[in-house]
Amino acid sequence: MLWQAAKQYGVSKLALELGGGITTYPDDIERGIRAIFSLLAFWGFLPQEYRLNPTPQDRIYFSDKREFFYAWEEGAFYTMAKPGEMFDKGERIGTWISLEDFKAVPVTAVVSGLLIYSRTRCRSHKGDTITMFLPGR
């Protein structure tokens, strides 16, 4: 990876993940490009009009608050939800189909909060991350 080569040669580096769950949405790419331009403007490499407002305090976390939901067996997860949507605990977000008995089981939100990741590749192995939430409503 490029950042590893940069590290090896003592070059400053920055990593930016656009999307996740083996999917990248156009909005993620646009947001990422705006963030890169804003950082370059902050450093003086681009005009100041590219700078974005600071991240609101309620969107900054000083510890990892994510709630993960993992596949408990081999199967397939079919999401009904998109990252960025708010859910109540127990609200349905998708369907799980076990490869053992091929029965469909509803998958529900593990906490009330903002869905920030939902697996898009349906085939899942035991222990794969299915969803991630930021708690709070």
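The values are calculated or read from the model by the stated rules, or taken from the named source; none is laboratory data. Note that the structure is a prediction, hence the values are computed from the model and not measured. Backbone-built Cβ (ideal geometry, glycine too); neighbour counts: all protein chains shown. All accessible areas refer to the heavy atoms of the entire protein, side chains included, with ligands and DNA or RNA removed. Shrake-Rupley method; radii C 1.70, N 1.55, O 1.52, S 1.80 Å.
Calculate, for Arg92 and Arg66, the FRET efficiency according to 1/(1 + (r/R0)^6) with r their C-beta to C-beta distance and R0 30 Å; round to the nearest 0.05.
Working: r = 20 Å, r/R0 = 0.68.
After rounding, the FRET efficiency stands at 0.90.
Pop out the carbon and sulfur fraction of the accessible area of the chain as a percent, whole number, probe 1.4 Å. Numbers along the way, then the final one.
Working: 5540 of 9830 Å².
Roughly 56 percent of what the probe reaches on the chain is carbon or sulfur.
For segment 35-125, which trypsin sites (Lys or Arg not before Pro) pass both filters: DSSP loop (anything but H, G, I, E, B) and at most 10 other C-beta atoms within 10 Å?
On the way: sites: Arg51, Arg59, Lys65, Arg66, Lys89, Arg92, Lys103, Arg119, Arg121, Arg123; in loops: Arg51, Lys65, Arg66, Lys89, Lys103, Arg119, Arg121.
Those satisfying the criteria are Lys103.
Once label points are set 7 Å from the Cα along Cα→Cβ at both Thr120 and Glu74, what is their separation, rounded to one decimal in nm?
2.6 nm
Rounded to the nearest 10 degrees, what's the angle between the helix 26-42 long axis and the longest principal axis of the chain, both from Cα atoms, 0 to 90?
30 degrees
If exposed means no more than 11 neighbouring beta carbons inside 10 Å and the site is in a DSSP loop, what's the longest run of the chain without any exposed GluC sites (Glu not before Pro)?
Value returned for the longest uninterrupted segment is 18-99.
I'd like to check one number: the per residue accessible area of the chain, probe 1.4 Å, reported in Å² as a whole number.
72 Å²
If you filter segment 51-137 for chymotrypsin sites (Phe, Trp or Tyr not before Pro), then keep DSSP loop positions with at most 10 other Cβ within 10 Å, what is left?
Here the chymotrypsin sites (Phe, Trp or Tyr not before Pro) that fit, given the DSSP loop and packing criteria, are Tyr61, Phe62, Phe102.
Cross-link partners among lysines for Lys126, C-alpha distance below 19 Å, same-chain residues fewer than 8 apart left out?
Output for Lys126: Lys103.
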